[in-house]
Amino acid sequence: MSERTGFAKGKIHDVTVRPLAKYLDERGWLAELFRSDETDPQTMPAMAYLSMTQPGVARGPHEHVDQTDWFCFIGPANFKVYLWDARRDSPTFGIRQTIYAGVDAPLAVIVPPGVVHAYKNIGTVDGIVFNAPNRLYAGEGKKSPVDEIRHEEVEGSPFCLD
Ligand SMILES: Cc1cn([C@H]2C[C@H](O)[C@@H](COP(=O)(O)OP(=O)(O)O[C@H]3O[C@H](C)C(=O)[C@H](O)[C@H]3O)O2)c(=O)[nH]c1=O
């Protein structure tokens, strides 16, 4: 266990990491991000968004009570992805997992509820991340509370990025 954060390194149960194939040709590349015939109905995306993160900047750590995130890192830029299992009923409760993904390692990272997550742009250019959560942000018509715990705003949070 890391004395500093109380988390041990390892792999987190039911976090899915999938390589994303880039189909290259003389024009450039194409990559599928998800397909309904390869997706559990429970985690089927309800929406999608892109975010741009500047070099050296992190987003998160965040946690969702009910939402599964489907992050795709295909570049520009590479990211260090941080995951912490905060689910007391999980066989990997207390485990921290880090993943490197992005232009040099295109990956989909599917994060279930209760797994705290953050990602930092470790590149030198503005980075793009795609996410296709299985819940609508703020619900139908954006009329509900956002399902999100923003741990970066919690004093003394154990979820520390290095
Ligand atoms: C996610 C989202 C955000 N917004 C608006 C709300 C704010 O005005 C602005 C930035 O949102 P936020 O500060 O939540 O963005 P991040 O801090 O990057 O958080 C996002 O990325 C981290 C890693 C997460 O895990 C969160 O689930 C996700 O919200 O976009 C929308 O209008 N729709 C959306 O689906």
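Scanning the range 117-152 for residues being within 10 Å of the ligand (Cβ to nearest atom), without any contact (Cβ under 8 Å) to a residue 40 or more places away in the chain and not small (Gly, Ala, Ser) gives a total of 2. Taking the range 26-45 as the range and being under 21 Å from Ile128 (Cβ atoms) and open to solvent by less than 60 Å² (accessible area, probe 1.4 Å) as the test, the residues that pass are Gly28, Ala31, Leu33, Pro45.
Within 10 Å of the ligand (Cβ to nearest atom) and surrounded by 13 or more Cβ atoms within 10 Å (Cβ to Cβ) - does that describe any residue in the range 88-111? Yes, the conditions are met somewhere in the range 88-111.
Considering the range 124-146, and only residues there that are assigned to a loop (DSSP other than H, G, I, E, B) and in contact with a Phe, Trp or Tyr (Cβ under 8 Å, 6 or more places away or on another chain), the residue that is nearest to Trp84 (Cα to Cα) turns out to be Pro133. When the range 153-162 is examined, which residues are found to be surrounded by 15 or more Cβ atoms within 10 Å (Cβ to Cβ) and within 14 Å of the ligand (Cβ to nearest atom)? The one that is surrounded by 15 or more Cβ atoms within 10 Å (Cβ to Cβ) and within 14 Å of the ligand (Cβ to nearest atom): Phe159. Residues of the range 113-133 that are of a type in the set (S, T, N, Q) and open to solvent by 10 Å² or more (accessible area, probe 1.4 Å): Thr124 alone. When residues in the range 5-46 are screened for being under 22 Å from Asp66 (Cα atoms) and of a type in the set (Asp, Glu), 3 of them pass. Among the residues of the range 13-30, is there at least one that is closer than 22 Å to His151 by Cβ, in a strand (DSSP E or B) and among the hydrophobic types (A, V, I, L, M, F, W, C)? Yes - at least one qualifying residue is present in the range 13-30. Residues that are near the ligand (Cβ under 8 Å from one of its atoms) and under 13 Å from Ala86 (Cβ atoms) within the range 64-73 comprise just one, His64. Please verify whether the range 93-107 includes one or more residues that are basic (Lys, Arg) and over 11 Å from the mean Cα position of the chain (by Cα). Yes, the range 93-107 contains a residue that is basic (Lys, Arg) and over 11 Å from the mean Cα position of the chain (by Cα).
The values are calculated or read from the model by the stated rules, or taken from the named source; none is laboratory data. These figures come from a predicted structure and were not determined experimentally. Heads up, the Cβs are rebuilt from the backbone with ideal geometry, glycines too, and the neighbour counts pull from every protein chain shown. SASA here: full protein model, heavy atoms, side chains in, ligands and nucleic acids out. Shrake-Rupley method; radii C 1.70, N 1.55, O 1.52, S 1.80 Å.
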